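The numbers here are math on the coordinates, done by the rules we state, and not lab data. As the structure is a prediction and not an experimental result, all values here were calculated from the model. Note that each Cβ is placed from the backbone with ideal geometry, even for glycine, and that neighbours are counted across all protein chains shown.
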Amino acid sequence: MAVAHTQSIELKYPVPKYLPLPAGVLLCVRVTGLAGLIVLIGSLAHWESPDLLKFCAFLTVAIFSSGTIIDVPSVAGPFSLTFLFVLFGTLDLTQPETVLMALVMTVVHNRWLSPPTRPALAIFYAGSSVLASAVAHGAYHGEWLTAHNADPSVRVAIATVALFLLNSVPS
């Protein structure tokens, strides 16, 4: 009877958890992360919260629903509730509140509710979320649209398109 011998192979170098990203992808992640960080710092520097209780309630509900994915007819793939909360925040909250809420929802989703996310992807998603929420808020409250008395439904449609494009085109 032959006995199989097993040998353990000792590695001299640690095996990386993730494969290295191509230079172009890494550049995109860095640019998106840096742009998101700049927008976040600018938003927090101009923090205003006329109704802090409303913001805290909004943020609490948003955090608990951040991992919720719904299926929408005629939309390929799952639809995150973060999208809807950013639109509601655009209507009811200030720009810094909306940006912070979008960031918190993205971090909660990527860190605790989904399978482990590669750090570079987490940075990209967080930066993209901050940028998209800031642009959507700016589109809705834009001077040109308000100066020309654009109907609120038109402004919401423009903010929705901006949010959708910034959330789906880069990824």
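Legend: Rg and Dmax of the stretch 98-169, from Cα coordinates, 14.3, 46 Å. The charge dipole of the chain, taken about its Cα centre with unit charges on the Cβ atoms of Lys, Arg (+1), Asp and Glu (-1) only, comes to about 620 debye. Between the stretch 59-86 and the stretch 18-51, the C-alpha centres lie 21 angstrom from each other. Of the Cα atoms belonging to the chain, the radius of gyration and Dmax stand at 20.7, 90 Å. Remark: spin-label model distance residue 37-residue 57 equals 3.6 nm, labels positioned 7 Å along the Cα→Cβ axis.
Rounded to the nearest 10 degrees, the angle from helix 119-140 to the longest Cα principal axis of the chain is 10 degrees. The label-point distance for residue 149 and residue 19, in a model that sets each label 7 Å from Cα toward Cβ, rounds to 5.9 nm.
Please say if the stretch 29-84 is rounded, prolate or oblate, where rounded means a/c under 1.5 for a ≥ b ≥ c the square roots of the C-alpha gyration tensor eigenvalues, and otherwise the choice is prolate for a/b larger than b/c and oblate otherwise? Since a/c reaches 1.5 but b/c is at least a/b, the shape of the stretch 29-84 is classed as oblate. The mean sequence separation of alpha-carbon pairs under 8 Å and at least six residues apart, normalised by the residue count of the chain, gives a relative contact order of 24 percent. Each residue, residue 156 and residue 45, gets one label point 7 Å from its Cα in the Cβ direction; the gap between the two is 3.4 nm. Dividing the summed -39500 (n - 2.57) terms of all DSSP H runs of n ≥ 4 by the residue count of the chain sets its mean residue ellipticity at 222 nm at -20500 deg cm²/dmol.
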